[in-house]
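Structure first, commentary second.
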Amino acid sequence: EDLNNGVKVYVYKPSVLKDKSCLLYIHGGGWYFLSAFAYNPAMSWMAHYLQMVVVSVEYKLAPEHPFPEPLLDCYSALQWVYNHAADLDIDEDKIFIAGDSAGGNLSTALCLLHQDRKGAPIGEDELTRSPLKGQVLIYPALQLYEIDGGSKFYNSNFFPDSNTVRTLFSWYILGDDTLGKIGLGKSEFDKVPRFWETAGNVLVDKPLPSFRRLERYTGDGISSLGNSYIFPLHDTDLKGFIPTLIITATADTLRDDGYFMEQYLKMFKVPVKLLEFEDVHGFFSDVTGSTNAIKAVEAMEKWIREN
């Protein structure tokens, strides 16, 4: 269905519904390629297996449509789900969010935005919504501080490499490769909150406070580094965040982003579970042919029912 702002949603409703839960899914592709339409087989199969309504959002892509457009598109899709809960035969108290890779980034940012606005549509602060039930992050891209170390180093032979991650973030933030070309060294990050230091109670010298802002960035994009709507793991306070299931792959440069998110949420006493599969980035989208993808969906089903 086409929304009035050019956003499209695909609805997958199986013949048998286990309950009135709904999953809003945000596809991956580095904010730059792939589409909800390309995920059609995976979403159809997943709705059938989960026995719940799945809604997939066709958000606009970078670099033509940089931040915050993709995030606002996802927020519009979430509002559409709330507004059509009766038509979809779902309970608006049982809405889950999920996404893979860049979709995992948008999923977390969407949940933060929903939390900050209490679910109110943009420009309608007086209208609040039910809290989200939980989210599923599948090898998400959540930070840019540790870009050359950890899994970005020892998994550097796998896609996406650190240069690709930096470039895709730059296209998403600025609409061009400025952020990727200038490189990001220690000096640019000295005042950015480091989640692992916060988690270890190590004080960052005069850190910039993290912030959540829906603004278009220009210039070199350095000022975006503290924006948690872009880099959720640069946030300094995730208290009260929703229950989260994180799925990672061992042979993936983004593996540590999921691991760090698990540790960070634990620090704030947020219910979180991490599952790791011996596989590569992108395995989840092949749910009709990958054994690990099927196992991941089975784990999702169990976790959703428990929450």
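The values are calculated or read from the model by the stated rules, or taken from the named source; none is laboratory data. A quick note: this is a predicted structure, and the numbers were derived from the prediction, not measured. So basically every Cβ, Gly included, is an ideal-geometry build from the backbone, and we count neighbours across all protein chains shown. We work out accessible area using only protein heavy atoms, side chains counted, and drop any ligands, DNA or RNA first. Shrake-Rupley method; radii C 1.70, N 1.55, O 1.52, S 1.80 Å.
Observations
- Among the residues of region 123-146, the one identified as touching a helix residue (DSSP H, G or I) at 6+ places or on another chain (Cβ under 7 Å), open to solvent by 10 Å² or more (accessible area, probe 1.4 Å) and among the hydrophobic types (A, V, I, L, M, F, W, C) is Leu132.
- Count of region 242-291 residues which are touching a residue at least 40 places away in the same chain (Cβ under 8 Å), open to solvent by less than 20 Å² (accessible area, probe 1.4 Å), hydrophobic (A, V, I, L, M, F, W, C) and in a helix (DSSP H, G or I): 2
- Exactly one residue out of Asp252, Asp257 is touching a His at 6+ places or on another chain (Cβ under 7 Å) and of a type in the set (D, E, K, R), and it is Asp252.
- Residue check for Asp176: open to solvent by 30 Å² or more (accessible area, probe 1.4 Å), modelled with pLDDT of 55 or more and either more than 20 Å from Leu137 (Cβ to Cβ) or among the aliphatic types (A, V, I, L, M) (or both): yes
- Positions within region 48-57 being surrounded by fewer than 22 Cβ atoms within 10 Å (Cβ to Cβ) and either among the acidic types (Asp, Glu) or in a helix (DSSP H, G or I) (or both), in sequence order: His48, Tyr49
- Test: Ile90 is open to solvent by less than 10 Å² (accessible area, probe 1.4 Å) and within 22 Å of Glu306 (Cα to Cα): no
Each row is one residue, and each column tells you yes or no for (1) assigned to a helix (DSSP H, G or I); (2) at pLDDT below 90; (3) among the aromatic types (Phe, Trp, Tyr); (4) farther than 30 Å from Asp19 by Cβ.
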{"residue": "Gly123", "(1), (2), (3), (4)": "no, yes, no, yes"}
{"residue": "Leu127", "(1), (2), (3), (4)": "no, yes, no, no"}
{"residue": "Val136", "(1), (2), (3), (4)": "no, no, no, no"}
{"residue": "Gln143", "(1), (2), (3), (4)": "no, yes, no, yes"}
{"residue": "Asp148", "(1), (2), (3), (4)": "no, yes, no, yes"}
{"residue": "Phe158", "(1), (2), (3), (4)": "no, yes, yes, yes"}
{"residue": "Val165", "(1), (2), (3), (4)": "yes, yes, no, yes"}
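- In the set (1) under 17 Å from Trp171 (Cα atoms); (2) hydroxyl-bearing (Ser, Thr, Tyr); (3) touching a His at 6+ places or on another chain (Cβ under 9 Å), the condition left unmet by Tyr32 is number (3).
- Single residue of Asp19, Asp100 found to be among the charged types (D, E, K, R) and within 26 Å of Thr128 (Cβ to Cβ): Asp19
- Residue within region 4-15 that is touching a Ser or Thr at 6+ places or on another chain (Cβ under 7 Å), open to solvent by less than 10 Å² (accessible area, probe 1.4 Å) and farther than 26 Å from Glu298 by Cβ present: yes
- Put simply, of Leu106, Leu88 the only residue that is under 25 Å from Gly221 (Cβ atoms), modelled with pLDDT of 95 or more and either aliphatic (A, V, I, L, M) or over 13 Å from the mean Cα position of the chain (by Cα) (or both) is Leu106.
- Cβ pairs under 7 Å, 6+ apart, first in region 110-134 and acidic (Asp, Glu), second part of a loop (DSSP other than H, G, I, E, B): Asp116/Arg212
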